[in-house]
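Derivation of every value follows stated rules applied to the coordinates shown; laboratory data play no part. The shown structure was predicted, so the numbers you read here are calculated from the model rather than taken from an experiment. Using ideal geometry, Cβ is built from the backbone for each residue, glycine included, and neighbour counts are taken over all protein chains shown.
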Amino acid sequence: MRTKTLMKYLASIPRRPYVSNEEVIRNAFERNQLMLTDALLDFQLQYAGYYHQHKGEVFIYGMLHEKSTYLPSLDIDFDDDNPQDVLHTCMDCLPSEMRALNKQGVFYNDYRPVAESFTKYLEQRAFRWKLSQEVEWETINLPTHVQEAVKEEQSGKLEEYMVVEVSDQYARIYQLNQGLVIKSTQEQAIAWKIAGTRQQLFYFDL
């Protein structure tokens, strides 16, 4: 189920021609002796061809591409070092920027699970996109002691501010007010605030 924000976000970005023929997709998986699950097929049909840019690099969504820069054409690139959790490359991008899905559709960044699904990942992108349509935001790299305070208060003071539709077991997003957003993962907590403003997080000035 996609939110209206995600649908508006997708409508705002271009979509390149993509492989949508299910027989072609299934043949590519069978050729590599891989299981094509509903989660993987849904990803290819719903999101292949969309793309975003980051630090000058283009990330084109899709496991199967007719023409690609870094991936084999009309074939599947995958990592089966762990046979119990094969990772299927899901973006045509620099190999060092590895993005992948497992058979359940969990989204991986650099071999770490970061979202329960690609839809959830895009919901988080769409959430930030919506915020940026109105005002300019800046990223705050929180000091270690502030990050620790965030993690300690996730089930306490922060819980009522959680944005449920963009949060999951891998990342929790909190909007404390109209000008301050916190993202907390297992590895770190980061914040965004409206550029040029002063914000208060607990008893810390940001």
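Longer than 21 Å from Cα to Cα, which of Lys103/Lys151; Lys120/Lys157; Lys130/Lys183 are they? Say none if no pair is.
Lys103/Lys151; Lys120/Lys157
For each of Glu152, Glu165, count neighbouring Cβ atoms within 10 Å of the residue's Cβ, then give the residues from fewest to most.
The most exposed by this proxy come first: Glu152, Glu165.
Of the candidates Asp81, Asp110, Asp168, which one comes out as most mobile in a Gaussian network treatment of the chain with C-alpha springs shorter than 10 Å?
In the Gaussian network model the winner is Asp81.
Given labels modelled 7 Å from the Cα in the Cβ direction, how far is it in nm from Ser96 to Tyr111?
According to this spin-label approximation, the distance is 1.6 nm.
About the Cα centre, and with charges only on the beta carbon of Lys, Arg (+1) and Asp, Glu (-1), how big is the dipole of the chain? Nearest 20 debye, please.
Details: 22 positive and 30 negative charges, 153 e Å.
That gives a dipole near 740 debye.
By how many nm would the segment from Lys130 to Lys8 lengthen if fully extended, with 0.36 nm per residue of separation less the alpha-carbon distance?
My answer for the length gained is 43.0 nm.
Against the longest principal axis of the chain, how steep is helix 118-132, in degrees 0 to 90 to the nearest 10, with axes from Cα atoms?
That works out to roughly 40 degrees.
Based solely on its DSSP helices, what 222 nm [θ] is calculated for the chain when runs of n ≥ 4 H residues each add -39,500 (n - 2.57) and the sum is averaged over all residues, nearest 500 deg cm²/dmol?
On the way: 5 runs with 53 residues, N = 206.
Calculated mean residue ellipticity at 222 nm is -7500 deg cm²/dmol.
Looking at the range 1-91, which chymotrypsin sites (Phe, Trp or Tyr not before Pro) are DSSP coil and have at most 16 other C-beta atoms within 10 Å of their C-beta?
Of the chymotrypsin sites (Phe, Trp or Tyr not before Pro), the ones in loops of the range 1-91 whose Cβ has at most 16 other Cβ atoms within 10 Å are Tyr70.
Measuring from label point to label point, each 7 Å out along Cα→Cβ, what is the Gln33 to Gln178 span in nm?
6.0 nm
Could you tell me whether the range 4-123 comes out rounded, prolate or oblate from its Cα gyration tensor? Rule is a ≥ b ≥ c as square roots of the eigenvalues, rounded for a/c under 1.5, then prolate if a/b exceeds b/c, otherwise oblate.
Taking the square roots of the gyration eigenvalues as a ≥ b ≥ c, the range 4-123 is rounded.
Using 14 Å as the cut-off for backbone N distance, which residues of the range 111-141 belong to the label zone defined by a point 7 Å from the Cα of Asp81 along Cα→Cβ?
111-113
Sequence neighbours fewer than 8 away in the same chain don't count; with that in mind, list the aspartates and glutamates whose C-alpha is under 14 Å from Lys193.
Glu134, Glu136, Glu138, Asp205
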